[in-house]
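*Asks:* The structure that follows is given in the form of structure tokens.
Since every read-out is calculated from the coordinates, none of them should be taken as a lab result. The shown structure was predicted, so the numbers you read here are calculated from the model rather than taken from an experiment. Glycine gets a Cβ as well: all are built from the backbone with ideal geometry, and neighbour counts include every protein chain shown.
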Amino acid sequence: MINKDLVIIGGGPAGLSAAKLAAESGLSSLIVERDFKLGGQLVKQTHMFFGSEKQYAKTRGIDIAKILVDDVLKYPEMVEVMTDTTVVGLYEDKVITLLHNDEYIKVQSKAIIIATGASEKVLAFPNNDLPGIYGAGAVQTLMNVNGVLPGNDVVMVGSGNIGLIVSYQLIQAGVNVKCVIEASSSIGGYKVHASKLKRLGVDILTSHSVKRANGTEALESIVISKLDNNWDYIEGTEKTIEVDSLCISVGLSPLSSLLSMIGVDMKYVSSLGGLVPYIDSHHETSVKDVYVAGDVCGVEEASSAIVEGYLTGLIVASSLGFKHENYDELYRDFKAQLENLRSGPFGEKTREGLQEIARDHDVK
Amino acid sequence: MLNRDGVASKEQVLSRFPSNEVLVKAKAITECYEEIPCNPCATSCPFDAIHIGEDINTKPVVDFDLCTGCGICVYSCPGLAIVIAQIVNDKARFKLPYELRPLPIVGEIWDGVNRSGDVICKALIEKVTYTARVDRTALVQVSVPLEFIHEFITVRRVL
Ligand SMILES: Cc1cc2nc3c(=O)[nH]c(=O)nc-3n(C[C@H](O)[C@H](O)[C@H](O)COP(=O)(O)OP(=O)(O)OC[C@H]3O[C@@H](n4cnc5c(N)ncnc54)[C@H](O)[C@@H]3O)c2cc1C
Ligand code: SF4
Ligand code: SF4
């Protein structure tokens, strides 16, 4: 059994930022990441990010990943990294089991930060398992990490920011994006992203959904249909579109399965993407010394994941006796940054959702 | 309608343009009509000409007295929502962000495209800035006939 003060599960923006602030406070940590490299979702984001300069806005996601990774590599004595290592088990006494190269490793930690992010939701329709039908995030990985085109003619389902951004990146890669379809009567993501696509000639069809996919060996065409206000198909509005790829981007849900293993109190909150843990203002779950940060406790943005990571790293270090010399100042700053990011109309869902999972004893 | 198809209305577009007298000098046109948590336009402007303020969700407002039309905000905006417009005789000159490849070459004639993605005119490529500073978002200067000043938004390679 290996003993650690702090284990951080997930090496995305939230996990990396937590490790940085823990190290700055004097607390060592181990980051466990199942992917081959650190960076989480950022490693495939070739676009410039939103947010403010403090969270690296206008920098491309791939470059933000480098900055965050370099930040923790500055503390080689304090931050240990295990990539290509998956956390497969979590126990109430804070024993963590890892799988690395077919080897099973047990770690006992004093505190744990779970920063596992989120996974893509699927959409049910006939033949949705045909080859050529992908999640938008998977397509982004294929294109931007592996340099492989998903196909030649694509339709995107979902007009949230991910659907809009991945459509734009498909065009940058030379793929013909035939249209974006959206079940709701208005575009889900930022309008600046939508306008960017529209001026490239891509139609965004609101109040539309995919009815079925056709093909024998692989995807050959899809049938789309208009929807009424109750999201029911309107008979007679079906249209067949020939495509070899269909991208599904209908939202993300928090990867909270590890939390379920140790009986953390959770709640289904649709505005946060699915099943999320109750947390207090210190991001501690109902299980003592088990904390969460980033998309796993509510699907948001890299900007907020970074700040949540900083905040949680700062707090956990302090609770284990390593109080940062500027603790109060940093604490206030991180809280203020989060509040500012969430203050607009796009933050409304998050604000409401977070209220639903605020742990009672926390109302100070 | 912007919310349904991504196309800003004529009124929305005109609300971001100063008068033609002001446009004798190059000015930034910020087509950002929604409250989103974003502010690189404001923080990147060396002349403090774009204002967002404390609340990062506030929409940007350009002070045309301070704006020099330098174009820094154009390649700093993650939404690619800013162009520089200027009136030069009977032409409208734009500096716009461009992220597709191949990049245009000075002297080429490309299609001029409106906000719906339709080709509306020809556009002469006058200058292409692609340095480390623009970080892979090329700054392309083009001119189009003046009558398209409020319709033109980007260029497309003629296939
Ligand atoms: C197409 C797209 C565009 C986006 N654009 C923007 C944008 O412009 N601006 C912005 O701010 N945000 C943007 N985001 C959102 C942003 O990428 C995420 O909100 C952010 O990455 C969340 O960070 P995280 O650290 O919580 O999770 P992630 O980045 O998902 O990282 C979680 C990590 O945990 C690892 N992990 C999971 N389970 C285990 C396990 N059992 N064992 C070990 N490791 C595990 C995963 O491999 C992953 O590396 C975008 C997202 C997408 C998909
Ligand atoms: S063009 Fe230059 S001066 Fe004008 S707003 Fe943009 S950055 Fe500022
Ligand atoms: S940088 Fe662009 S998208 Fe962001 S607020 Fe400014 S104009 Fe809008």
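*Asks:* Near A:ALA18, within a Cβ-to-Cβ distance under 12 Å, what is the net charge of the other residues, with Lys and Arg +1 and Asp and Glu -1?
*Replies:* So the environment of A:ALA18 carries a net charge of -2.
*Asks:* Shape call for region A:152-270 from the C-alpha gyration tensor, a ≥ b ≥ c root eigenvalues: rounded (a/c under 1.5), prolate (a/b greater than b/c) or oblate?
*Replies:* Because a/c hits 1.5 or more and a/b exceeds b/c, region A:152-270 counts as prolate.
*Asks:* Could you give the nm distance between label points at A:GLU352 and A:ASP102, where each point is 7 Å from its Cα heading toward the beta carbon?
*Replies:* Spacing of the two 7 Å Cα→Cβ label points: 5.1 nm.
*Asks:* Would you mind computing, in nm to one decimal, how far apart the modelled labels at A:LYS74 and B:ASP55 are, each placed 7 Å from Cα along Cα→Cβ?
*Replies:* Distance between the two pseudo-spin positions: 3.4 nm.
*Asks:* Got a sec to turn the phi values of region A:115-126 into Karplus ³J(HN,Hα) couplings, 6.51 cos²θ - 1.76 cosθ + 1.60 with θ = phi - 60°, whole Hz, x for Gly and Pro?
*Replies:* 9, 7, x, 9, 10, 6, 7, 10, 10, 8, 7, x
*Asks:* Still on this structure, please answer the following. Helix-derived [θ] at 222 nm for chain B: sum -39500 (n - 2.57) over DSSP H runs of at least 4, divide by residue count, nearest 500?
*Replies:* -2500 deg cm²/dmol
*Asks:* Taking Cα atoms, how many degrees apart are the long axis of helix A:61-73 and the longest axis of chain A, rounded to 10 and kept between 0 and 90?
*Replies:* 10
*Asks:* For chain A, take the longest principal axis of its alpha carbons; what is the angle in degrees between that and the long axis of helix A:327-341, to the nearest 10 within 0 to 90?
*Replies:* 10
*Asks:* What whole-number distance in Å separates the alpha-carbon centres of region A:259-288 and region B:101-159?
*Replies:* 49
*Asks:* Take the alpha carbon gyration tensor of region A:1-102, find the square roots of its eigenvalues, order them as a ≥ b ≥ c, and report rounded if a/c is under 1.5; if not, report prolate when a/b exceeds b/c, else oblate.
*Replies:* Here region A:1-102 falls in the prolate category.
*Asks:* How many nm is it between the label spots at A:ALA336 and B:VAL119, if each spot is 7 Å from the Cα in line with the beta carbon?
*Replies:* 5.3
*Asks:* Along the charge dipole of the protein assembly as shown, pointing to its positive end and built from +1/-1 on Cβ of Lys, Arg, Asp and Glu, which listed residue (A:GLY347, A:ILE112, A:GLY263) has its Cα farthest out?
*Replies:* A:GLY347
*Asks:* With 21 Å as the limit, write out which pairs from B:LYS27/B:LYS91; A:LYS178/A:LYS198; A:LYS58/A:LYS349; A:LYS335/B:LYS59; A:LYS20/A:LYS323; A:LYS110/A:LYS323 have Cα-Cα distances beyond it, or answer none.
*Replies:* Table pairs above 21 Å Cα-Cα are A:LYS58/A:LYS349; A:LYS335/B:LYS59.
*Asks:* A further question follows. From Cα pairs below 8 angstrom and at least 6 apart in sequence, can you work out the relative contact order of chain A, rounded to a whole percent?
*Replies:* Computed over chain A, the figure is 19 percent.
*Asks:* Just tell me which aspartates and glutamates come within less than 13 Å, Cα to Cα, of A:LYS37; anything on the same chain fewer than 8 places away is out.
*Replies:* A:ASP70, A:ASP84
*Asks:* I'd like the FRET efficiency for A:THR83 and A:LYS110, computed as 1/(1 + (r/R0)^6) with the beta carbon distance as r and R0 of 25 Å, rounded to 0.05.
*Replies:* For A:THR83 and A:LYS110, the calculated efficiency is 0.65.
*Asks:* At a Cα cut-off below 12 Å, give the aspartates and glutamates reachable from A:LYS74, other chains included and same-chain residues fewer than 8 away excluded.
*Replies:* A:GLU24
*Asks:* Most exposed first by the Cβ proxy, i.e. fewest other Cβ within 10 Å, how do A:HIS208, B:HIS150, A:HIS324 rank?
*Replies:* Lowest count first: B:HIS150, A:HIS324, A:HIS208.
*Asks:* Pairs of alpha-carbon atoms within less than 8 angstrom and 6+ residues apart define the contacts here; what relative contact order does region A:122-248 have, in percent?
*Replies:* Computed value for region A:122-248: 31 percent relative contact order.
*Asks:* Return the average number of partner chain Cβ atoms within 10 angstrom of each residue Cβ along peptide B:5-11.
*Replies:* Going residue by residue through B:5-11 and averaging, the value is 5.
*Asks:* Apply the a/c threshold of 1.5 to the C-alpha gyration tensor of region B:2-156 and tell me whether it is rounded, prolate or oblate.
*Replies:* Verdict is rounded for region B:2-156.
*Asks:* Let me have the 222 nm mean residue ellipticity of chain A computed from DSSP H runs of 4+ only, each contributing -39500 (n - 2.57), with the sum over all residues rounded to the nearest 500.
*Replies:* Helix contribution divided over all residues of chain A: -8000 deg cm²/dmol.
*Asks:* Given an 8 Å cut-off on Cα distances and at least 6 residues of separation, report the relative contact order of chain B as a percent.
*Replies:* Dividing the mean separation by the residue count of chain B yields 20 percent.
*Asks:* How far is helix A:13-25 tilted off the main Cα axis of chain A, in degrees rounded to 10, range 0 to 90?
*Replies:* On a 0 to 90 degree scale, this one is about 20.
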